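Encoded as structure tokens, the structure appears first; notes follow it.
The values are calculated or read from the model by the stated rules, or taken from the named source; none is laboratory data. In this text the structure is predicted, and so the values were computed from the model without any measurement. Please note: Cβ atoms are built from the backbone with ideal geometry, for glycine as well, and neighbour counts cover all protein chains shown.
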Protein chains: 2
Amino acid sequence: MNGLEYLDRIAAVFAKLPGIGRRSAERMAYRLAWEPNGMMRELGEVLREAQENVRLCSRCGSITTVAEMPCRLCVNPARDNALVCVVQDPSDIVALERTGAYKGRYHALMGIISPMHGEGPGDIRLQALLKRVETEGFQEVVMALGTDVESEATANYIAELLKNKNVRITRLASGIPVGSGVGYSDATTLSRALKNRQTL
Amino acid sequence: MNGLEYLDRIAAVFAKLPGIGRRSAERMAYRLAWEPNGMMRELGEVLREAQENVRLCSRCGSITTVAEMPCRLCVNPARDNALVCVVQDPSDIVALERTGAYKGRYHALMGIISPMHGEGPGDIRLQALLKRVETEGFQEVVMALGTDVESEATANYIAELLKNKNVRITRLASGIPVGSGVGYSDATTLSRALKNRQTL
């Protein structure tokens, strides 16, 4: 292989990451190659350490380490066992934890049902969710999925799956984002905000 | 360290790459962690191989391998020894090679003179260029640097440096990009295109 072919292989991996197009991936790989401060070595080292240590929690799917399994969120006795929050992937757990507004358990599906991308109900962690609902005594399942069509279809599929399990099923409110104006919201968001209007 | 701290270290390296902000870097690192197909391992492997094999050509600075040093471009007898093209970094060589329109040698500066970023003439490969001009018998030095203020200042600095070396110094034409319209070009580009107008 010549030098560019090695870099193209790095670029091919980068290009699979979210938000990275083929051209950006190439620019990243080239920069790694000529960066005088040994960034290629540095990235290799942090990846190796992460690969040895980082795991997904076998229970909730959040990001944890080999040493903390199940994760801190699952074993923390101060958290509310009555609530489980269903998210698409581990980064959503990070976003929700940053708010400090949720103190229950989590369950990451590791995807959503997406027939367009060949992802069916068997490809996400639905059976694991069903089993947890049956054994862990949750009283409420909070759906924290996106508001696109596929995420909403996934939420409805889960609601159907759990309907005889004696748990309350809720979902995050949707409406006008805080700090935004009515004129900046699209029609669907506005209709939903109207429909779910609240008493002041 | 907890799982997120390992990922933050990966994100910190990604964030140093061109065009990658802190938030994108985090999303990339998180995706590496939960990607079911072992992308973290895959990236680690291609990086390790690249690190062992990829080098910058000791003569021109282009991307090559340990096995091809000096690089193919430097040793290819079919290329024109009368011309050397000065570029900012190795990816510019890749871009110029893609055109197929240049058959001379190259010299990558590995940066430009940028007082704002603390980069002086001693931080880029200027002495190496001077030495090559003195020993390799080039008849023309083609400046293929950017058209921003710092790149132009660097080109002028180099022209000054080489003025008694008996080489012709040229630079890439600048003007309206092919496929673009007059109304889309900024005033500086248009003035330069006017000044350098050509006979049809």
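Laid out as a table, the results:
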{"quantity": "Some residue of the range B:21-30 being farther than 16 Å from B:Tyr102 by Cβ, surrounded by fewer than 21 Cβ atoms within 10 Å (Cβ to Cβ) and facing chain A (nearest Cβ under 7 Å)", "calculated": "yes"}
{"quantity": "Cβ pairs under 7 Å, 6+ apart, first in the range A:37-62 and farther than 15 Å from B:Asn2 by Cα, second among the basic types (Lys, Arg) and modelled with pLDDT of 90 or more", "calculated": "A:Met39/B:Lys16; A:Gly44/B:Arg48; A:Cys60/A:Arg105"}
{"quantity": "Conditions (1) surrounded by 19 or more Cβ atoms within 10 Å (Cβ to Cβ); (2) of a type in the set (S, T, N, Q); (3) not assigned by TED's automatic domain parsing to the domain that holds A:Val142; number of the one not met by A:Ser58", "calculated": "(1)"}
{"quantity": "Enumeration of residues in the range A:1-18 that are among the basic types (Lys, Arg) and under 24 Å from the mean Cα position of the chain (by Cα)", "calculated": "A:Lys16"}
{"quantity": "Enumeration of residues in the range B:50-69 that are among the basic types (Lys, Arg), more than 10 Å from chain A (Cβ to nearest Cβ) and in contact with a strand residue (DSSP E or B) (Cβ under 8 Å, 6 or more places away or on another chain)", "calculated": "none"}
{"quantity": "Criterion (within 19 Å of the chain's Cα centre (by Cα) and more than 9 Å from chain B (Cβ to nearest Cβ)) met by exactly one of A:Arg105, A:Arg79, A:Arg72", "calculated": "A:Arg105"}
{"quantity": "Residue match in the range B:120-134 (condition: at pLDDT 95 or above, in a strand (DSSP E or B) and of a type in the set (Asp, Glu))", "calculated": "no"}
{"quantity": "Flag if B:Gly122 is within 23 Å of A:Trp34 (Cα to Cα) and in the same structural domain as B:Asp80 (by TED's automatic domain parsing)", "calculated": "yes"}
{"quantity": "The range A:93-124, residues that are among the charged types (D, E, K, R) and surrounded by 18 or more Cβ atoms within 10 Å (Cβ to Cβ)", "calculated": "A:Arg105"}
{"quantity": "Index of the failed condition, B:Ala153 passing every other in (1) among the aliphatic types (A, V, I, L, M); (2) within 20 Å of the chain's Cα centre (by Cα); (3) surrounded by 11 or more Cβ atoms within 10 Å (Cβ to Cβ); (4) under 23 Å from B:Tyr102 (Cα atoms)", "calculated": "(4)"}
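Here's the yes/no breakdown for (1) over 30 Å from A:Asn2 (Cβ atoms); (2) touching a residue at least 12 places away in the same chain (Cβ under 8 Å); (3) hydrophobic (A, V, I, L, M, F, W, C):
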site	(1), (2), (3)
B:Tyr106	no, yes, no
B:Glu119	no, no, no
B:Gln127	no, no, no
B:Tyr157	yes, yes, no
B:Leu162	yes, yes, yes
B:Ile176	yes, yes, yes
B:Thr189	yes, yes, no
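Conditions (1) at positive phi; (2) aliphatic (A, V, I, L, M); (3) at pLDDT 95 or above, marked per residue:
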| position | (1), (2), (3) |
| --- | --- |
| B:Leu17 | no, yes, no |
| B:Arg22 | no, no, no |
| B:Met28 | no, yes, no |
| B:Gly38 | yes, no, no |
| B:Glu42 | no, no, no |
| B:Arg48 | no, no, no |
| B:Glu52 | no, no, no |
| B:Leu96 | no, yes, no |
| B:Gly100 | yes, no, no |
